[in-house]
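The values are calculated or read from the model by the stated rules, or taken from the named source; none is laboratory data. Every value quoted in this text rests on a predicted model; they were computed, and no experiment measured them. Every residue, glycine as well, gets a Cβ built from its backbone with ideal geometry; the counts of neighbours run over all protein chains shown. When the accessible area is computed, the model is the full protein with side chains, heavy atoms only, and any ligands, DNA or RNA have been set aside. Shrake-Rupley method; radii C 1.70, N 1.55, O 1.52, S 1.80 Å.
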Amino acid sequence: MNNADGRIPLTILGGYLGAGKSSWLRHQLHVGAFSGAHILVNEAAEMPVDHLLLAGAQGLSVLADGCACCDGAARFIAAMRDLCDKGVASIILETSGLSDPARIAAHIAADGVLARRIRVVETVVVADAQHAPAQLETEPLWLRQIEAADRIVLSKVDIADTNLLARLAATMKMVNPGAEISGSVLGSAMQLPDTRGVLPFAIQPPGKTVAPIRTLRLDVGIAAGWAAVSVWLSAVLQAHGSDLVRVKGVIRSPAGRLLLQAVRGKVQPPEILPDVQAGDGTTEESENVIVFIGRGLENDRIGRSFRMLLT
Ligand SMILES: [Zn+2]
C-alpha cells in the first residue's frame with residue numbers, strides 16, 4: 001500500500017453480523033499484514049466486544065453506539081478527522097455487521113476534509129460460508145455488502161458443504177464479478193472448490209418484508225455464574241431459532257473476564273479476556289452485560305426468563 005498522493009490509505013472491512021471479521025483481521029495482524037495500521041472498530045450494539053479480540057494491535061480505537069454508515073455517521077467522520085490529525089500511517093475500519101461499506105465510502109467522499117486526506121484502498125467483505133445461503137434470501141443488506149467488495153473472503157469454509165460452497169462462490173461471482181474471492185478458516189487462506197459449470201443460487205428480489213433487526217441489552221448482574229448463564233442462554237437460543245442473529249457479552253467469573261459469543265444458535269466456547277487495560281475502550285460497566293441482536297426480540301420475555309433463572 002503506498003500513499004504516494006499523500007492521503008492516508010483506508011481499508012474497509014465489512015461483513016454481516018458474526019461473519020468472522022475480527023477473527024480474519026486478528027489473523028492478518030498476526031502474520032504481519034496491515035503492519036503499523038490504526039484499527040478503528042465500529043460496533044452498532046451498545047457494548048463494544050469485538051475489539052477485545054484484537055488486543056495487541058498497535059493502535060486501536062472503538063466507535064460504539066451507532067453505525068458508521070447511518071446513525072453513527074457524524075461520530076465516524078469526527079473520529080476519522082481525529083485520526084488524520086494524529087498522522088496515522090494507515091487505517092483499517094472494522095465496520096459493524098449492519099453497515100453498508102458503500103455508504104461509508106460515500107460519507108468519506110462527501111466530507112470536504114476526509115476526501116482530501118483519506119483514500120479508500122480496498123473494501124474487504126467477509127461472508128460466512130455456512131450461513132450465507134440463507135442470508136441470500138433474507139438479508140438485502142448482505143447483498144449490498146457483497147456488491148461493495150473489492151475482495152470477498154468466504155469464512156468458515158471447513159464446516160461448509162463442498163457443493164453449497166461451490167454454488168455460493170459462483171453466486172458471489174455473479175453478484176460481483178470484479179471481486180477477488182478467497183476462502184478462509186480463522187483468517188488462514190483456504191482453497192475454494194472449482195465453480196466452472198456450477199449453478200449459482202437464485203437471488204431473492206428485494207422488497208420482501210422481514211422484521212427489522214434490533215439490539216437488546218441485558219444486565220445480568222454479578223449474581224449469575226457462568227454455568228447457569230450458559231444453560232439459560234442455550235434455552236434462549238433454542239426458543240428464538242434463526243431470528244437471533246448474534247449474542248455477545250462479557251461475564252465476570254472467578255477465572256477472569258469471559259467473552260461469550262453465539263452466532264445463529266450456536267454458543268461458542270467462552271474465551272478468557274485479558275484484564276481491563278487503560279485505553280482499550282472498556283470499562284467495568286461493560287461487564288456482566290449480554291447483548292442480543294435479532295428479530296422479534298422482546299425485552300420483557302428475555303429479562304423475565306433470566307430473572308427466573310436466578311430464583
Ligand atoms: Zn449503518
| Residue-by-residue Karplus 3J(HN,Hα) for region 229-245, coefficients 6.51, -1.76, 1.60, Hz, glycine and proline x | 4, 5, 5, 4, 5, 4, 5, 4, 4, 5, 5, 9, x, 6, 5, 8, 7
| Under the Karplus curve 6.51 cos²θ - 1.76 cosθ + 1.60, θ = phi - 60°, whole-Hz ³J(HN,Hα) for region 76-89, x wherever Gly or Pro sits | 5, 5, 4, 5, 5, 4, 4, 5, 4, 5, 6, x, 5, 6
| query | Over region 8-190, what is the percentage of antiparallel beta bridges among all DSSP beta bridges, to the nearest 5? | reply | 10 percent
| Ignoring ligands, DNA and RNA, what percent of the accessible area of region 8-190 is carbon or sulfur (1.4 Å)? | 52 percent
| request: Beta carbons within 10 angstrom, averaged per residue: use that to sort the peptides 227-238, 287-298, highest first. | output: 287-298, 227-238
| How much net charge surrounds residue 165 when only the other residues with a Cβ under 12 Å from the Cβ of residue 165 are counted, with Lys and Arg +1 and Asp and Glu -1? | -2
| query | Roughly what would the spin-label model give for residue 102 and residue 239, points 7 Å off Cα along C-beta, in nm? | reply | 3.9 nm
